[in-house]
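For reference, the structure discussed in these notes is given below.
Coordinate-derived values only; no laboratory data. This is a predicted model, so every value here is computed, not measured. Note: ideal-geometry Cβ built from the backbone for every residue, glycine included; neighbour counts use all protein chains shown.
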Amino acid sequence: MLKLSVAVRKLILSFTTSLGLLATPAIAQDREVPYWASIRASELNMRVGPSADYKIVWVYHRKGLPVKVVRVVEGWRLIEDPDGARGWVVARLLDPDRGAIVTGDGLAAIREEPDEASTLRWNAEPGVVGKLGDCEDGWCEIDIDGHQGWIRENRLWGVGKP
């Protein structure tokens, strides 16, 4: 039987503990899919497969655009965008903070409180992207370039269960 000195055993224990701690953040980044995220980068390549070796099929230029993550593979995420397009992106270029995009026809009222009778703050056009806050009773809090208010949940993509 191999006998190790106390110092060598402590060194091995310290090394294996360090390796375990290094692996924890990667494991913590894995989430149950599907989940919502938003684009962190000002430019993001969507590819046909989970590697830089795959062909780029689309380039996003919309920081904050909400996406649905539907699959996770070693540093890559299969996403679905508001138009229903799917492709692979580098995980580090996605933000776990949720965003939302205004959808539907015509202007969407942004109100002071989550109530139709509340003061109108401004109107947002379809395609406007903002940071999503809490949602309650069919209304969602939204921050669009520092302007905050409440919008009907049915006028947003990126809310509810993915």
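Could you work out the percent of alpha carbon pairs in region 75-116 separated by over 12 Å, rounded to a whole number?
Working: 638 of 861 pairs.
For region 75-116, the share of Cα pairs beyond 12 Å comes to 74 percent.
From the P(r) of region 100-157, can you give the percent of Cα pairs sitting at distances over 15 Å?
Values: 571 of 1653 pairs.
Looking at region 100-157, the distances longer than 15 Å represent 35 percent of pairs.
Please give, to one decimal in nm, the separation of the simple spin-label points placed at Thr103 and Asp137, each 7 Å out from Cα toward the Cβ.
Once both label points are built, they end up 2.4 nm from each other.
Quick check: Cα centre of region 109-162 to Cα centre of region 61-96, how many Å?
Here the two parts' Cα centres lie 23 Å apart.
Restricted to Cα positions, what overall size does region 35-97 have along the principal axes? Three whole-Å values, descending.
Projected onto its principal axes, the Cα set of region 35-97 covers 27, 21, 21 Å.
What is the Cα radius of gyration of region 44-147 over 2.2 N^0.38 Å, N being its residue count?
1.26
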